[in-house]
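Report on the structure given below.
The values are calculated or read from the model by the stated rules, or taken from the named source; none is laboratory data. As the structure is a prediction and not an experimental result, all values here were calculated from the model. Glycine gets a Cβ as well: all are built from the backbone with ideal geometry, and neighbour counts include every protein chain shown. Please note that ligands, DNA and RNA were not included when accessible areas were found on the heavy atoms of the full protein model with its side chains. Shrake-Rupley method; radii C 1.70, N 1.55, O 1.52, S 1.80 Å.
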Amino acid sequence: MIEKQTNDIVYGVHAVTESLQANTGNKLYIQDDLRGKNVDKIKALAAQKKVAISWTSKKALFEMTQGAVHQGFVLRVSEFAYSDLTTILAKADQEENPLILILDGLTDPHNFGSILRTADATDVAGVVIPKHRAVGVTPVVAKTSTGAVEHVPIARVTNLSQTLDKLKESGYWIFGTDMDGTPSQKWNTAGKLALIIGNEGKGISPNLKRQVDEMITIPMTGHVQSLNASVAAAILMYEVFRHKL
C-alpha cells in the first residue's frame, strides 16, 4: 500500500521542473513580471504536460509559500506518494552492494532535503523514515532536494525497529553512527547495507542502537565533536559510493 501526505505545492526552478517531468503537477503559478530562459523552459514543459498556467503576483506567491524563496515558480501537485518497503527491497535486490538509509527521527526539512539530494547523487536504493515524530516530504524538503525527491524511493513506516528486523531477514548489515566505532575509511562496505542516521540532537534511539551490527565513526580533529546530520550522512554515502566505482 502506498502512503500519502498532504503537502500540495512545490516551488523553485529545480523542484517544479522535476515534478512536471514526473507528471505530478496539476497547476503552475508563474510570477507575472518574470521573464527569461527559465520561464520559457518551464512554460513549454507545462504545455507539454498539459498543466494549466496562472500568471500570479509576487505577493500571492509569497503568501502561497509562506515567505519561502520560490524563484517565481509554484506548482500545485498531487499528494506525495510514498513507496512501500517491499518495493525498495525489490529495487535494491537488482543492485550490487545496495545501500538503504534509515532516518531515525529527523525533524529538520532542510537536512532531509539535503540527504535526498546526496542519496540521488550516490545511487542510494531507498530511504526509510518513521511516520511519527519526524519530518515527512514537505514543500521545503522538495525544494531543498532540488528535485531528488522524485527520484529516490521513500518509505514511511510505523515501526523502525521492525523494519530493521525485516532488513536483517533480507540479508542486510545494519550500521549506525557513533563517536566510538570503526573509522569510516576502514568501513567494509561490501554486501547489503542499511545505515541509520540519528536525530539532529539525540542521535540514534537506544532501542535501534541495540540492533546495530557495527558503529561507524567519522574521524574529526577539530573542537566540534559532531557533524550536521546531512553532512555526516553525505560523507558516509560517498564512502559507500566510492567503493562501487
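Taking Lys143 as the residue in question, decide whether it is modelled with pLDDT under 95, part of a helix (DSSP H, G or I) and either closer than 27 Å to Val10 by Cβ or open to solvent by 50 Å² or more (accessible area, probe 1.4 Å) (or both).
So Lys143 fits the description; yes.
Go through the residues of segment 7-23 one by one and say whether even a single one is touching a Gly at 6+ places or on another chain (Cβ under 7 Å), hydroxyl-bearing (Ser, Thr, Tyr) and closer than 28 Å to Ile129 by Cβ. Give the steps one after another, and end with the answer.
Keep residues of segment 7-23 that are touching a Gly at 6+ places or on another chain (Cβ under 7 Å), which gives 14-15, 17-19.
Among the residues that remain, those that are also hydroxyl-bearing (Ser, Thr, Tyr) are: 17, 19.
Narrowing further to those that are closer than 28 Å to Ile129 by Cβ: 17, 19.
Yes, because at least one residue in segment 7-23 is touching a Gly at 6+ places or on another chain (Cβ under 7 Å), hydroxyl-bearing (Ser, Thr, Tyr) and closer than 28 Å to Ile129 by Cβ.
Val128 - would you say it is in the same structural domain as Pro206 (by the TED database), in contact with a strand residue (DSSP E or B) (Cβ under 8 Å, 6 or more places away or on another chain), within 23 Å of Asn228 (Cβ to Cβ) and not in a strand (DSSP E or B)?
Against the criterion (in the same structural domain as Pro206 (by the TED database), in contact with a strand residue (DSSP E or B) (Cβ under 8 Å, 6 or more places away or on another chain), within 23 Å of Asn228 (Cβ to Cβ) and not in a strand (DSSP E or B)), Val128 does not qualify.
Being surrounded by 15 or more Cβ atoms within 10 Å (Cβ to Cβ) and more than 21 Å from Gly147 (Cα to Cα) is the filter here, so list the residues in segment 93-117 that pass it. Break it down into steps so the answer makes sense when it comes.
Looking only at segment 93-117, we keep the residues that are surrounded by 15 or more Cβ atoms within 10 Å (Cβ to Cβ), and these are 97-106, 108-117.
Selection gives Asn97, Pro98, Asp104, Gly105.
Determine which single condition Glu169 fails, assuming it passes every other condition in (1) open to solvent by 20 Å² or more (accessible area, probe 1.4 Å); (2) touching a Gly at 6+ places or on another chain (Cβ under 9 Å).
All conditions are met except number (2).
Based on this model, can you work out whether Ile42 counts as more than 20 Å from the chain's Cα centre (by Cα), outside any helix (DSSP H, G or I) and among the aliphatic types (A, V, I, L, M)? Show your work before the answer.
Values: more than 20 Å from the chain's Cα centre (by Cα): yes; outside any helix (DSSP H, G or I): no; among the aliphatic types (A, V, I, L, M): yes.
Judged against the criteria, Ile42 is not a match.
Report every pair of residues separated by at least 6 positions or lying on different chains whose Cβ atoms are under 7 Å apart, first residue within segment 140-159 and over 16 Å from Thr118 (Cβ atoms), second open to solvent by 10 Å² or more (accessible area, probe 1.4 Å) and assigned to a helix (DSSP H, G or I).
Val140/Pro109; Val140/His110; Ala155/Leu85; Val157/Leu85
Among the listed residues Lys27, Lys43, Lys49, which satisfies the condition of being in contact with a Gly (Cβ under 7 Å, 6 or more places away or on another chain), surrounded by fewer than 20 Cβ atoms within 10 Å (Cβ to Cβ) and over 15 Å from His14 (Cβ atoms)? Walk me through how you get there before you give the answer.
Numbers: Lys27 fails: in contact with a Gly (Cβ under 7 Å, 6 or more places away or on another chain); Lys43 fails: in contact with a Gly (Cβ under 7 Å, 6 or more places away or on another chain).
Just a single option satisfies the conditions, and that option is Lys49.
Could you pull out the residue among Gln48, Gln94 that is outside the structural domain of Val13 (by the TED database), free of Cβ contacts under 8 Å to residues at least 12 places away in the same chain and over 21 Å from Ser161 (Cα atoms)? Explain how you work it out, then say what you get.
Numbers: Gln48 fails: outside the structural domain of Val13 (by the TED database).
The unique qualifying residue is Gln94.
Scan segment 200-214 residue by residue and report those that are open to solvent by 30 Å² or more (accessible area, probe 1.4 Å), outside any loop (DSSP other than H, G, I, E, B) and in contact with a helix residue (DSSP H, G or I) (Cβ under 8 Å, 6 or more places away or on another chain).
Scanning segment 200-214 gives a single hit, Asn207.
Could you grab me the full set of residues in segment 52-67 that are touching a strand residue (DSSP E or B) at 6+ places or on another chain (Cβ under 6 Å), open to solvent by 20 Å² or more (accessible area, probe 1.4 Å) and outside any strand (DSSP E or B)?
Result: Lys58, Met64.
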